[in-house]
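The values are calculated or read from the model by the stated rules, or taken from the named source; none is laboratory data. As the structure is a computational prediction, the values presented were derived from the model and not from experiment. For neighbour counting, all protein chains shown are included, and Cβ atoms are generated from backbone atoms with ideal geometry for every residue, glycine included.
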Ligand SMILES: [Zn+2]
Ligand SMILES: [Zn+2]
Ligand SMILES: [Zn+2]
């Protein structure tokens, strides 16, 4: 009898191990994948002039995980990488994208895609100029108004003149084929469009699609329904600038009309667990409690079936 006990334990151990393996999310990134390179709102964190608890200690002890919003795309089959957004953390985001790809020898991605002309989304282009990288014809895709903004305003027009960047035009709702297994499509969203249009992107890999909307006015102002759009994709990285109205006390909501996370969760509350599981909140203002994993708000998001995007997170496309 005694000799059977270790054998029985081994059988139980092996079956438990198998079970655990099945429950683990896929971590095979040998195919096309999306990489989160930054999750913060344009101003980053610590935020200039902030004396509150959210940033106070970060001026002395910066948190290197806090980078302004950006996504990378890695496509090993075609040996290409792409960057979405060129924000103030561009240098480390170029580096992480190159390192994570494992195949890239050039420091530059094959193209950069820009959603709009707010500092967290394009100001990093400055690093491609003469004072820094002096890049050679870095391909940059943007919408027509954004393109003409870059072409006709200094210092950006110097990047064009010196061929540090090579601008290409995006057309709303028109798919760009980046490789046989990778496509990207821009679509217009309502936002404060002082200098450019604002777009979101749908990135389509060989098996899965991701939606990316870092900045948008309230969902009701969009001609499309976010719930329907989520149903068409496998991942949805969406605007979570503010968790709720508490963060904008003393400011005019008309000037910053993002959907609050609490409003989005209310809108998505009747979605099935499978649909909820696609949603990753991103683009956090420095005041947003979702920046702290252990906050009650972070727990509330996860317990409700949604996620907060995490820097370095990678998903299969
Ligand atoms: Zn932004
Ligand atoms: Zn702060
Ligand atoms: Zn913006």
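Remarks
- Failed item in (1) within 16 Å of ligand 1 (Cβ to nearest atom); (2) in contact with a helix residue (DSSP H, G or I) (Cβ under 7 Å, 6 or more places away or on another chain), with residue 156 passing the rest: (1)
- Summed over the stretch 187-199, residues that are modelled with pLDDT of 95 or more, within 15 Å of ligand 3 (Cβ to nearest atom) and either out of contact with any helix residue (DSSP H, G or I) (no Cβ under 6 Å at 6 or more places or on another chain) or not in a loop (DSSP other than H, G, I, E, B) (or both) total 5.
- Residue list for the stretch 109-140, filter: more than 16 Å from ligand 3 (Cβ to nearest atom), within 20 Å of residue 195 (Cβ to Cβ) and crowded, with 23+ Cβ neighbours inside 10 Å: 112, 128, 140
- Of the numbered criteria (1) more than 16 Å from ligand 1 (Cβ to nearest atom); (2) without any contact (Cβ under 8 Å) to a residue 24 or more places away in the chain, the one residue 81 fails is (2).
- Qualifying residue in the stretch 260-283 (condition: at pLDDT 95 or above, within 16 Å of ligand 2 (Cβ to nearest atom) and touching a strand residue (DSSP E or B) at 6+ places or on another chain (Cβ under 9 Å)): yes
- In the stretch 48-78, residue nearest to ligand 1 (Cβ to nearest atom) [restricted to those that are touching a strand residue (DSSP E or B) at 6+ places or on another chain (Cβ under 9 Å) and either assigned to a loop (DSSP other than H, G, I, E, B) or farther than 19 Å from residue 283 by Cβ (or both)]: 69
- Every condition in (1) exposed (fewer than 12 other Cβ atoms within 10 Å of the Cβ); (2) within 16 Å of ligand 2 (Cβ to nearest atom) holds for residue 291 except the one numbered (1).
- Selection of the stretch 125-138 for residues being in contact with a strand residue (DSSP E or B) (Cβ under 8 Å, 6 or more places away or on another chain) and not in a loop (DSSP other than H, G, I, E, B) yields 125, 128, 138.
- Any hit, the stretch 79-92, residues being in a helix (DSSP H, G or I), surrounded by fewer than 18 Cβ atoms within 10 Å (Cβ to Cβ) and away from ligand 3 (no atom under 15 Å from the Cβ): yes
- Residue 216 meets each of the listed conditions (1) assigned to a loop (DSSP other than H, G, I, E, B); (2) over 18 Å from the mean Cα position of the chain (by Cα); (3) modelled with pLDDT of 95 or more apart from (2).
- Single match in 280, 242, 237 (criterion: part of a strand (DSSP E or B), within 16 Å of ligand 3 (Cβ to nearest atom) and within 24 Å of residue 191 (Cα to Cα)): 237
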